[in-house]
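K.L.:
Okay, here's the structure, questions in a sec.
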Amino acid sequence: TTRQQSVAKKCFDHCLTYKRVNSFRKLCENLRNWFQNLQYPNRQVLPNSVLLSSPDTQKQFLETRFRQLQVASQMEIWQEAYHTIEDIHEIMELAKVAPEPALMLTYYEKLAQIFWASDNFLFHAYSLDQYFTQFLAADSKVAAPDAKAAPLSAAAAAFASEAKLSPERKRDIC
């Protein structure tokens, strides 16, 4: 899996560099299908099979998916970013160990961006709240440049969740 994960990360970088949106979507779809096929209980276990129960394998899958999430966000492919969030959640459900605090901060930060882009302000506010909660739980293990602004952003997002914002006003808030 290490080789497959490193190739996937290089492909993500290639798609980002050359703005290959369709190639990125196809790659994500292929990775998603491959992961789903690994979960079939009836599949034959071969000597070189990927063991999803291995913590190392789970960590590699998470790292790859977080890179995928970052690239999807940078390319502003929000639907693919949301599908990637779902994939990450599925992998975290399989994992026996909680992900690192830095990964959870990234998870909620990107989730907040996705909900903001989709004008889903209530879930955006919830994601910011979870981001801030994770930051506090990290107990200064993670440096966040916007640590002072996080509670204010969560509160502002909660108030804005009921308001109908124009695109100009939405841009001013964020």
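K.L.:
Hey, can you tell me all the residues within region 104-126 that are crowded, with 19+ Cβ neighbours inside 10 Å and outside any helix (DSSP H, G or I)?
P.N.:
Of everything in region 104-126, nothing turns out to be crowded, with 19+ Cβ neighbours inside 10 Å and outside any helix (DSSP H, G or I).
K.L.:
Sticking with this structure for a sec: For region 22-37, name all the residues that are open to solvent by 50 Å² or more (accessible area, probe 1.4 Å) and over 16 Å from GLU86 (Cα atoms).
P.N.:
ASN22, LYS26, ASN37
K.L.:
Across region 41-73, what is the number of residues that are open to solvent by 70 Å² or more (accessible area, probe 1.4 Å), modelled with pLDDT of 75 or more, out of contact with any Ser or Thr (no Cβ under 8 Å at 6 or more places or on another chain) and farther than 17 Å from LEU103 by Cβ?
P.N.:
Residues flagged as open to solvent by 70 Å² or more (accessible area, probe 1.4 Å), modelled with pLDDT of 75 or more, out of contact with any Ser or Thr (no Cβ under 8 Å at 6 or more places or on another chain) and farther than 17 Å from LEU103 by Cβ within region 41-73 amount to 1.
K.L.:
Could you list all residues from region 127-143 that are in a loop (DSSP other than H, G, I, E, B) and of a type outside the set (Ser, Thr, Tyr)?
P.N.:
ALA138, ASP139, LYS141, VAL142, ALA143
K.L.:
In region 74-103, what residues are more than 19 Å from PHE35 (Cβ to Cβ), open to solvent by 70 Å² or more (accessible area, probe 1.4 Å) and among the aliphatic types (A, V, I, L, M)?
P.N.:
Within region 74-103, just ALA98 meets the criteria.
K.L.:
Spot the failing condition for THR17; the list is (1) over 13 Å from the mean Cα position of the chain (by Cα); (2) at pLDDT 90 or above; (3) surrounded by 13 or more Cβ atoms within 10 Å (Cβ to Cβ), and only one is missed.
P.N.:
(3)
The values are calculated or read from the model by the stated rules, or taken from the named source; none is laboratory data. Just so it is clear, the structure is predicted and the values come from calculations on it, not from any experiment. Positions of Cβ are backbone-derived with ideal geometry, glycine not excepted, and every protein chain shown enters the neighbour counts. Keep in mind that these areas ignore ligands, DNA and RNA; they rest on the heavy atoms of the full protein, side chains included. Shrake-Rupley method; radii C 1.70, N 1.55, O 1.52, S 1.80 Å.
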